[in-house]
Amino acid sequence: MIRKALSGFYYVDDGEQLVTCRARGKFRHQKITPLVGDQVIFTALTDGSGTLEEIQPRKNEFRRPAVANIDQLVIVVSGVIPVTDPFLIDRVIAIAETKQGCDSVICINKSDLCHADDLYDIYTLAGFLTLRVSAKTGEGMDMLSAAISGKASAFTGNSGVGKSSILNRLAPGFHLQVGAVSDKLGRGRHTTRHVELYRLSGNTMVADTPGFSSFDTERMELTGKEDLQNAFREFRPYLNQCRFAGCSHTKEKGCAVLQALKDGRIAPSRHASYLRLYEQLKNIPEWERARES
Ligand SMILES: Nc1nc2c(ncn2[C@@H]2O[C@H](COP(=O)(O)OP(=O)(O)O)[C@@H](O)[C@H]2O)c(=O)[nH]1
Ligand SMILES: [Mg+2]
Ligand SMILES: [Zn+2]
């Protein structure tokens, strides 16, 4: 498994050690970029380094951050310094929902400072495993350990929420750099630059990734606004119950999603995010989407 990619070198975990590999030219010619998380075949060279020969088929892949074969995103959020905007959470969730076999877990950090009941209620209602933790006191870390056990998880979240602190708590040997939340806006500095999968134990792999700002943001990898409804899992029970076929769930009469919203079965902020993403997708011309895919 490729654990780290840096400056044209791929660090491949062969189960015992990390082997520094270069990719064969054919990857470049075929415009295939080996990704962190890829299962690969390499040839060992006499000097201890290696050459990447083959990439095994991927279960899923993200372009930014560039990782493959991720079982789940652990979306780290916080109710204080910095406050996480639910829209950013929902956008990242929507991206993950379109990937094969990639679940999302919501991890509310800094619960020593704030319980963030609003965020807890929104994501529990939407059907996501939602945990409260504190990297500072250790609260909830056992639940988080259980949630990531045996899986490959990418930790994401806005800068300063405590992703690196949580990973250091899970594995004190990591010594990931922790940034002070220093500026007046309460944003953390970007201290995490490259993507790397770390082995916590056995098959438990974790990656510390850059914040939401660089998480595939401009482009949602959806084929169109019509697919967006499927990226909101709590909408699914209602999708076939709308009065009109092709209902956009934005303002139609007899819309079952809007009714569920009214009845409190869908959180207002989730539907608001859906509307905002729907508008964004509406403004991407058809031809541009075709070119992207
Ligand atoms: N009170 C409190 N502070 C925390 C907690 N987790 C992280 N921090 C602080 O938040 C700041 C940003 O942490 P960092 O791990 O660098 O965040 P990242 O940008 O998401 O990786 C640092 O000053 C941490 O000490 C927590 O659970 N409680
Ligand atoms: Mg960090
Ligand atoms: Zn509808």
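The values are calculated or read from the model by the stated rules, or taken from the named source; none is laboratory data. What you see is a predicted model; the values in this text were computed from it and never measured. Cβ: placed from backbone, ideal geometry, glycine included. Neighbour counts: every protein chain shown. Ligands, DNA and RNA are excluded from the accessible area calculation, which covers all protein heavy atoms including side chains. Shrake-Rupley method; radii C 1.70, N 1.55, O 1.52, S 1.80 Å.
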Handout entry: Matching option when the condition is modelled with pLDDT of 85 or more and on the phi > 0 side of the Ramachandran plot, among 186, 160
Key = 160
Exercise for the section: Looking for whichever is among the aliphatic types (A, V, I, L, M) and farther than 25 Å from residue 194 by Cα here; the options are 88, 125. Which one fits? Expected result: 125
Exercise for the section: Give the number of residues within segment 44-55 that are open to solvent by less than 40 Å² (accessible area, probe 1.4 Å) and of a type in the set (Ser, Thr, Tyr). Expected result: 2
Fill in the blank from the handout: Residue hits (segment 120-132; in contact with a Ser or Thr (Cβ under 7 Å, 6 or more places away or on another chain) and either open to solvent by 50 Å² or more (accessible area, probe 1.4 Å) or not in a loop (DSSP other than H, G, I, E, B) (or both)) are 120, 122, 123, 124, 130, 132
Completion exercise
With the first residue restricted to segment 229-249 and required to be surrounded by fewer than 18 Cβ atoms within 10 Å (Cβ to Cβ), and the second required to be at pLDDT below 95 and hydroxyl-bearing (Ser, Thr, Tyr), Cβ contacts under 9 Å at 6 or more apart or on different chains are 230/98
Practice task
Pairs only if they're at least six apart or on different chains, beta carbon under 7 angstrom, first in segment 143-168 and closer than 14 Å to residue 111 by Cα, second open to solvent by less than 40 Å² (accessible area, probe 1.4 Å) and among the β-branched types (Val, Ile, Thr); list them, first residue then second.
Solution key: 144/133; 161/76; 161/77; 161/84; 162/76; 163/76; 166/76; 166/133
Completion exercise
The one condition residue 12 fails out of (1) modelled with pLDDT of 95 or more; (2) under 29 Å from residue 132 (Cα atoms) is (2)
Exercise for the section: Can you tell me which residue among 58, 22, 28 is open to solvent by 40 Å² or more (accessible area, probe 1.4 Å) and in contact with a Ser or Thr (Cβ under 7 Å, 6 or more places away or on another chain)? Expected result: 22
Fill in the blank from the handout: From the option list 258, 222, 277, single residue qualifying as within 16 Å of ligand 3 (Cβ to nearest atom), modelled with pLDDT under 95, buried (at least 18 other Cβ atoms within 10 Å of the Cβ) and not in a strand (DSSP E or B) is 277
Practice task
Using the structure shown, decide if residue 76 is touching a Lys or Arg at 6+ places or on another chain (Cβ under 6 Å), within 24 Å of residue 169 (Cα to Cα) and at pLDDT 95 or above.
Solution key: yes
Handout entry: Residue within segment 226-234 that is farther than 22 Å from residue 120 by Cβ, hydrophobic (A, V, I, L, M, F, W, C) and either at pLDDT 90 or above or not in a loop (DSSP other than H, G, I, E, B) (or both) present
Key = yes
Fill in the blank from the handout: Scanning segment 100-110 residue by residue, the ones that are surrounded by fewer than 22 Cβ atoms within 10 Å (Cβ to Cβ) and either within 15 Å of ligand 1 (Cβ to nearest atom) or at pLDDT below 90 (or both) total 0
Practice task
Could you list all residues from segment 133-171 that are open to solvent by 50 Å² or more (accessible area, probe 1.4 Å) and within 16 Å of ligand 2 (Cβ to nearest atom)?
Solution key: 136, 169
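For (1) more than 20 Å from residue 277 (Cα to Cα); (2) in contact with a strand residue (DSSP E or B) (Cβ under 8 Å, 6 or more places away or on another chain), each residue gets a yes or a no:
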{"position": "84", "(1), (2)": "no, yes"}
{"position": "107", "(1), (2)": "yes, yes"}
{"position": "117", "(1), (2)": "yes, no"}
{"position": "128", "(1), (2)": "no, yes"}
{"position": "133", "(1), (2)": "yes, yes"}
{"position": "141", "(1), (2)": "yes, no"}
{"position": "152", "(1), (2)": "yes, yes"}
